[in-house]
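**Student:** Got a structure for you, written out below as structure tokens; questions coming shortly.
The values are calculated or read from the model by the stated rules, or taken from the named source; none is laboratory data. Predicted model only: the values in this text are computed from it and were never measured. Glycine also receives a Cβ, built like all others from the backbone with ideal geometry; neighbour counts cover every protein chain displayed. Ligands, DNA and RNA are excluded from the accessible area calculation, which covers all protein heavy atoms including side chains. Shrake-Rupley method; radii C 1.70, N 1.55, O 1.52, S 1.80 Å.
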Amino acid sequence: MRMKLAIGSDHAGYRLKTEILEFLKEMGHEVLDFGTHSEDSVDYPDFALKVAESVRDGESELGVLVCGTGLGMAIAANKVPGIRAVTCTDTFSAHMAREHNDANVLCLGARVTGGGLARDIVKAWLEARFQGGRHERRLAKITDIERMYLKDRR
Ligand code: RB5
């Protein structure tokens, strides 16, 4: 199924982002590239915010973020209400992240995961489907936690 996706990286993730961007296009998806566009040093939260807001606002269905470890991107993206960002280094976690957690942003670590595995992780995540049921109730509880601490700006 063709989807509209958002992608972003910092300098450490730039090369892998470029590879994943091409891979997503080859899979037939439309991809919005929020940068960065070189290996010049930048700050990952700036790009996490752009991709997370694109997903939250419904401009993109899902987002992919790449930094050195995939960790800082996930921490930053998860500050945006409605974002469920996960860092994956294996395909099992990648498909479970959608099946149980309905993760809407996937974070990859370019210094951790090679291009071949990263593609497999992206494919496993994109092709999985949220299973709903009991998992809906648990996600609703995560949203409740957000509401307890954040003033919704929508
Ligand atoms: C940049 O050196 C590095 O800290 C960043 O890419 C990322 O790994 C942070 O989590």
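**Student:** Can you tell me which residue within the stretch 20-56, out of those that are within 16 Å of the ligand (Cβ to nearest atom) and farther than 18 Å from ALA77 by Cβ, is least open to solvent (accessible area, probe 1.4 Å)? Talk me through it step by step, then tell me what you get.
**Tutor:** Just the residues of the stretch 20-56 that are within 16 Å of the ligand (Cβ to nearest atom), to begin with: 20, 34-52.
Adding the requirement that they be farther than 18 Å from ALA77 by Cβ leaves 37-41.
Numbers: HIS37: 124, SER38: 38, GLU39: 101, ASP40: 109, SER41: 98 Å².
For the stretch 20-56, the residue satisfying everything is SER38.
**Student:** Which of the residues spanning the stretch 57-82 are touching a helix residue (DSSP H, G or I) at 6+ places or on another chain (Cβ under 7 Å) and away from the ligand (no atom under 14 Å from the Cβ)?
**Tutor:** Pass one, the stretch 57-82, residues touching a helix residue (DSSP H, G or I) at 6+ places or on another chain (Cβ under 7 Å): 60, 62-67, 72-73, 76-77, 80-82.
Selection gives SER60, LEU62, GLY63, VAL64, VAL80, PRO81, GLY82.
**Student:** Right, another one. Go through the stretch 1-19 and give me each residue that's out of contact with any Asp or Glu (no Cβ under 6 Å at 6 or more places or on another chain), assigned to a strand (DSSP E or B) and away from the ligand (no atom under 15 Å from the Cβ).
**Tutor:** Result: LEU5, ALA6.
**Student:** With respect to VAL66, is the statement that it is within 30 Å of ARG147 (Cα to Cα), of a type outside the set (Lys, Arg) and surrounded by 24 or more Cβ atoms within 10 Å (Cβ to Cβ) true?
**Tutor:** Working: within 30 Å of ARG147 (Cα to Cα): yes; of a type outside the set (Lys, Arg): yes; surrounded by 24 or more Cβ atoms within 10 Å (Cβ to Cβ): yes.
So VAL66 fits the description; yes.
**Student:** Look at THR113 and say whether it is over 16 Å from LEU5 (Cα atoms), surrounded by 22 or more Cβ atoms within 10 Å (Cβ to Cβ) and of a type in the set (Val, Ile, Thr).
**Tutor:** For THR113, the condition - over 16 Å from LEU5 (Cα atoms), surrounded by 22 or more Cβ atoms within 10 Å (Cβ to Cβ) and of a type in the set (Val, Ile, Thr) - is not met.
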